[in-house]
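J.: Before I ask anything, let me first share the structure, which is written out below as structure tokens.
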Amino acid sequence: MEEMGKLVNLQSILSFIEERHLSSNHQDSDRFLAEFTMFMAKQCGNLTMEAKFSLISDYLPKISPAVLEEAALCLTGEGVQLGHQQNCVDLPTEVYCESESNVDVMGGDVEDMAMVGLESMQRANSTLEDFCRFYFIFHEMDVKKPELVFKYLPMLSFTESYIYQLDSYNERILHLSMTAGTTDAKKPERNHIMKGHLLKVIKNDPFGPLFSVLEDHGLMTERIRAELRSGEEYWLLERKLCNSLAAKQQVLIEDVMRAIHLKSFDYRVLNLLLYQLRRTKVNDLHMKFLSVSEFLVEVSDDLFDYEDDVVENSFNILRMFVGIYGASKAPSMLAQCITEAEEKYVGLSKTLEENLSLNCWRRCEEATREGGKNSVHCFGTWHIPTVISDEGLYRLNNTQN
């Protein structure tokens, strides 16, 4: 996950050189200047900034293009490849200066490679709380016993935070795609660079480090691997659907329904992981019931976040239904979809153990009350917000206010 740190640093230095009128107004040239500035600013032994500047001033005139070409020949095949494909400064100095575990990428401590940010950990908290309060019921665990929660929390928290880290990249990509009418439109080249970096991270085996951590702890299974891969599929579908919707291109209902079912992949990963942590067999009946519950929760969240998702160009089932069926028909079509899922939920709940089913309904009713909804139904009263027929105008009005 070093890409995040490199991206943030690069963006900061690009802004720095622009503010000081050092920009060349050319994308590749500005990046070279930014990376060179980052290189010069890094600590190197006992050299001061003045000493480094003096060295560059004295020796730079002696470094001609021919000397650079000759130096390139001194690099190993791997080094030349890195230089051409990544730029050598893309590999942070910390890789060579920190612990030995960071140097040996294949044989070192993979835990040090899978990094997550504080913001992602904070965002993961609400999911983890909801997971513990509902899914623990299916493992006959009492969430009110701290020793049980904290016994499994480190791995659950790390995994969910890692997923949120990648999800934040995907959200940023979608936001950068919506440049019209936003402040981002003033800096299209910079947005293009940042979007390219983020796409590289999220497309190039994003779960590889997490796979290594889980395998190292004896927790990886094919089902967990498949669910994490379905997360990659969800992000791909989200980008496809949201970009198509923004461009007023055709959106397929099959893709939308596939995406809404994939959206809860992190809950399924956490649940499967908990089975592994407890060394118990996966209960497929429970997983089937929970998949319907996850669908209803995702729809409920989408209805609550509808306006924000329009502004941010995020996946939202109501947005997609409006794009497919039109503003007048979308609410009734979504209501029909919700009714079918609720009927399936009720039917599957009757197949659960009596005590488990009762506890599930109690937790749903409790969550409904906590959300401020009053209803005899455990999911509360469904409220479909007023649809937005012109998303572009709505987005423009909200970004200007």
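J.: Averaged per residue, what accessible area in Å² does the stretch 285-395 show with a 1.4 Å probe, protein chains only? Write out the running numbers ahead of the final one.
T.: Working: 5470 Å² over 111 residues.
Dividing the accessible area of the stretch 285-395 by its residue count gives 49 Å².
J.: Say the cut-off is 28 Å between C-alpha atoms; which of LYS203/LYS281; LYS195/LYS248; LYS200/LYS240; LYS200/LYS288 go over it? If you can, show how the numbers build up before the last one.
T.: Values: LYS203/LYS281 32 Å; LYS195/LYS248 21 Å; LYS200/LYS240 16 Å; LYS200/LYS288 34 Å.
Exceeds cut-off: LYS203/LYS281; LYS200/LYS288.
J.: Using alpha carbons only, what's the Rg to Rh ratio of the stretch 119-282 with Rh from Kirkwood?
T.: Over the Cα atoms of the stretch 119-282, Rg/Rh equals 1.03.
J.: Separate question: GluC sites (Glu not before Pro) within the stretch 138-168: which are DSSP loop residues with at most 13 other Cβ atoms inside 10 Å? All intermediate terms of the calculation are to be shown ahead of the outcome.
T.: Working: sites: GLU140, GLU147, GLU160; in loops: GLU140.
Listed in order of number, the matching sites are GLU140.
J.: For the stretch 285-395, count the residues as N, evaluate 2.2 N^0.38 Å, and divide the Cα radius of gyration by that value, please.
T.: On the way: Rg = 15.5 Å, N = 111, 2.2 N^0.38 = 13.2 Å.
Here the Cα radius of gyration is 1.18 times the empirical estimate.
J.: Share of the stretch 242-401's accessible area from carbon and sulfur, percent, 1.4 Å?
T.: On the way: 4050 of 8110 Å².
In the stretch 242-401, the share of accessible area belonging to carbon and sulfur is 50 percent.
J.: Which order do the peptides 305-313, 51-59, 202-210 come out in when sorted by mean C-beta neighbours inside 10 angstrom, highest first? Before the final figure, lay out the partial values.
T.: Values: 305-313: 17.6, 51-59: 11.6, 202-210: 15.9.
So the peptides 305-313, 51-59, 202-210, ranked by packing, come out 305-313, 202-210, 51-59.
The values are calculated or read from the model by the stated rules, or taken from the named source; none is laboratory data. None of the values given here were measured: they were computed from a predicted structure. Using ideal geometry, Cβ is built from the backbone for each residue, glycine included, and neighbour counts are taken over all protein chains shown. Ligands, DNA and RNA are stripped out before the accessible areas are found, and what is left, the full protein with its side chains, is counted by its heavy atoms. Shrake-Rupley method; radii C 1.70, N 1.55, O 1.52, S 1.80 Å.
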